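A quick write-up on the structure given underneath.
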Number of protein chains: 2
Amino acid sequence: MSLSLDPAAQDLLFREARTANTFTDEPVTEEQVRAIYELVKYGPTAFNQSPLRIVLVRSAEGRARLAPLMSDGNRDKTVTAPLVAILAADNEFHEELPRLLPHFPQAKDAFFSERGVREQNASMNAALQAGYFILGIRAAGLAAGPMTGFDFAGVQKEFLDDDHTPLMIVNIGKPGENAWFPRNPRLDFDEVVTTV
Amino acid sequence: MSLSLDPAAQDLLFREARTANTFTDEPVTEEQVRAIYELVKYGPTAFNQSPLRIVLVRSAEGRARLAPLMSDGNRDKTVTAPLVAILAADNEFHEELPRLLPHFPQAKDAFFSERGVREQNASMNAALQAGYFILGIRAAGLAAGPMTGFDFAGVQKEFLDDDHTPLMIVNIGKPGENAWFPRNPRLDFDEVVTTV
């Protein structure tokens with residue numbers, strides 16, 4: 001009632017959207033992924049550091065490399081989803097900072113010379129961007145199936161490198177039959193929010 | 001073009017929305033914050049763990065405690081914003097899991113008995129929820145000003161406890177005069193996304 005966003009958009013992004021566990025075989029096109037990225041890239045990050053990196057697993061060969069790294073409960077849906085995205089944090093994001101923050105190029109050395117600081121920033125800001133990306137998938141009329149049940153070290157070794165830390169893996173597609181479980185409860189406002 | 005979300009909603013949430021650095025004195029009501037929460041609470045988290053906790057700093061006394069903990073560049077806007085939200089991760093979120101994940105109450109002990117595992121999960125999933133919350137502020141027709149420039153240990157000590165880790169602080173309100181800088185560049189699709 002107090003929101004400016006129209007109710008249909010609220011439903012599409014939050015209320016009717018659900019984490020899908022089955023998908024139809026309708027393909028997710030490169031054009032759709034580009035449209036999602038071109039929207040969600042504008043979501044804010046600290047110092048505009050934009051550390052999210054995405055590996056799309058589309059080929060049969062890529063699926064075959066990924067499948068054994070998924071936990072048992074996630075394997076089948078990852079094999080059958082039209083598209084799978086590995087979301088990762090780039091711990092060397094500072095290399096792009098002079099270009100991403102042109103009014104303050106010194107930030108690269110002043111704030112991010114230490115790898116530990118970069119890792120902390122990258123993981124937090126890439127997770128923020130993962131939130132934008134999940135909603136972007138829904139904005140495209142698709143269902144997202146985010147998962148953290150996989151071999152993180154194995155996925156990093158197989159698909160990434162030492163500078164990129166996996167965050168989550170997201171199945172993407174049109175929801176299939178019996179795509180979701182009943183919605184789980186959420187915490188009440190007063191359990192989450194306090195005022196001082 | 002490939003998105004289902006209508007262009008006005010795309011603009012409201014991503015394209016025209018900007019990180020605000022000044023605000024008008026129009027209040028942000030409790031009702032607005034409740035409407036934001038009631039929408040974004042549906043955003044997905046791993047195991048529905050929902051670790052985000054929010055401290056709204058509204059009183060003059062609260063502002064006075066927060067102001068000295070902000071970095072110099074963030075202090076003035078935090079004092080003048082109509083409402084300030086401290087976003088934190090609850091590292092003891094597992095206590096609520098049997099209620100949040102009623103079909104699998106064993107998850108609490110099977111996956112989250114170790115504090116280190118909980119901290120890692122809480123920070124990643126609370127950051128995801130922070131992404132939803134920032135977009136929820138925009139969905140309410142308000143501007144968000146997320147900041148990480150503050151004394152994290154000081155904010156934890158002053159406003160939270162050992163079980164709650166601060167993630168970021170967000171100013172909330174209607175944008176004021178000269179509310180934002182020119183938009184910074186974003187990375188190109190092909191710099192962020194690879195396909196295998």
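The values are calculated or read from the model by the stated rules, or taken from the named source; none is laboratory data. Since this is a predicted model, take the numbers as computed values, not measurements. No Cβ is skipped: glycine too gets one built from the backbone with ideal geometry, and neighbour counts run over all protein chains shown.
For B:Tyr37, state whether it is of a type in the set (Ser, Thr, Tyr), within 27 Å of B:Asp151 (Cβ to Cβ) and at pLDDT 95 or above. It would help to see each step written out before you state the result.
Working: of a type in the set (Ser, Thr, Tyr): yes; within 27 Å of B:Asp151 (Cβ to Cβ): yes; at pLDDT 95 or above: yes.
Criteria met by B:Tyr37.
Would you confirm whether any residue within segment B:89-101 is within 18 Å of the chain's Cα centre (by Cα), hydrophobic (A, V, I, L, M, F, W, C) and under 25 Å from A:Ala130 (Cβ atoms)? Spell out the reasoning first.
At the first step, the residues of segment B:89-101 found to be within 18 Å of the chain's Cα centre (by Cα) are B:89-91, B:93.
With hydrophobic (A, V, I, L, M, F, W, C) added as a condition, the list becomes B:89, B:93.
Going one step further and asking which of them are under 25 Å from A:Ala130 (Cβ atoms), we end up with B:89, B:93.
Yes - at least one qualifying residue is present in segment B:89-101.
If you check B:Ala8 against the conditions, is it of a type in the set (Gly, Ala, Ser) and more than 8 Å from chain A (Cβ to nearest Cβ)? Talk me through it step by step, then tell me what you get.
On the way: of a type in the set (Gly, Ala, Ser): yes; more than 8 Å from chain A (Cβ to nearest Cβ): no.
No, not satisfied.
Confirm whether B:Ala88 is within 17 Å of B:Gln120 (Cα to Cα) and touching a helix residue (DSSP H, G or I) at 6+ places or on another chain (Cβ under 6 Å).
no
Among the numbered criteria (1) surrounded by fewer than 20 Cβ atoms within 10 Å (Cβ to Cβ); (2) closer than 18 Å to A:Pro166 by Cβ, which single criterion is violated by A:Thr78?
(1) is the only condition that A:Thr78 fails.
Can you find, within segment A:15-44, the residue that is nearest to the other protein chains (Cβ to nearest Cβ) among those that are of a type in the set (Phe, Trp, Tyr) and in contact (Cβ under 8 Å) with a residue 24 or more places away in the chain?
Looking only at segment A:15-44, we keep the residues that are of a type in the set (Phe, Trp, Tyr), and these are A:23, A:37, A:42.
Narrowing the set further to residues that are in contact (Cβ under 8 Å) with a residue 24 or more places away in the chain leaves A:23, A:37.
Working: A:Phe23: 16, A:Tyr37: 5 Å.
Among residues in segment A:15-44 that are of a type in the set (Phe, Trp, Tyr) and in contact (Cβ under 8 Å) with a residue 24 or more places away in the chain, the one nearest to the other protein chains (Cβ to nearest Cβ) is A:Tyr37.
Mind listing just one residue for me: the one in segment B:153-196 that is among the aromatic types (Phe, Trp, Tyr) and at the interface with another protein chain (Cβ under 10 Å from one of its Cβ atoms) and, of those, nearest to A:Lys41 (Cα to Cα)? Break it down into steps so the answer makes sense when it comes.
At the first step, the residues of segment B:153-196 found to be among the aromatic types (Phe, Trp, Tyr) are B:159, B:180-181, B:189.
Those left that are additionally at the interface with another protein chain (Cβ under 10 Å from one of its Cβ atoms): B:159, B:181, B:189.
Numbers: B:Phe159: 32, B:Phe181: 17, B:Phe189: 9 Å.
Once the filter is applied, the top-ranked residue is B:Phe189.
Give the residue, chosen from B:Phe104, B:Phe112, B:Phe47, that is within 24 Å of A:Ala130 (Cα to Cα), within 11 Å of chain A (Cβ to nearest Cβ) and out of contact with any strand residue (DSSP E or B) (no Cβ under 9 Å at 6 or more places or on another chain). Explain how you work it out, then say what you get.
Numbers: B:Phe104 fails: within 24 Å of A:Ala130 (Cα to Cα); B:Phe112 fails: within 11 Å of chain A (Cβ to nearest Cβ).
When all the criteria are applied, what remains is B:Phe47.
Quickly run through segment B:52-83 and pick out the residues that are touching a strand residue (DSSP E or B) at 6+ places or on another chain (Cβ under 8 Å) and more than 10 Å from every other protein chain (Cβ to nearest Cβ).
Those that are touching a strand residue (DSSP E or B) at 6+ places or on another chain (Cβ under 8 Å) and more than 10 Å from every other protein chain (Cβ to nearest Cβ): B:Leu69, B:Met70, B:Ser71, B:Asn74, B:Lys77, B:Thr78, B:Thr80, B:Ala81, B:Pro82.
Select from segment A:20-31 the residues that are surrounded by 20 or more Cβ atoms within 10 Å (Cβ to Cβ), at pLDDT 95 or above and of a type outside the set (Phe, Trp, Tyr) and list them in ascending order.
Narrowing segment A:20-31 to residues surrounded by 20 or more Cβ atoms within 10 Å (Cβ to Cβ): A:20-21, A:23, A:28.
This time we only want the ones that are at pLDDT 95 or above, so: A:23, A:28.
If the condition is that a residue be surrounded by 20 or more Cβ atoms within 10 Å (Cβ to Cβ), at pLDDT 95 or above and of a type outside the set (Phe, Trp, Tyr), then A:Val28 is the only one that fits.
Look through segment B:105-122, keep the residues that are of a type in the set (Asp, Glu) and without any contact (Cβ under 8 Å) to a residue 40 or more places away in the chain, and return whichever of them is nearest to B:Ala89 (Cα to Cα).
Ranking the candidates gives B:Glu114 first.
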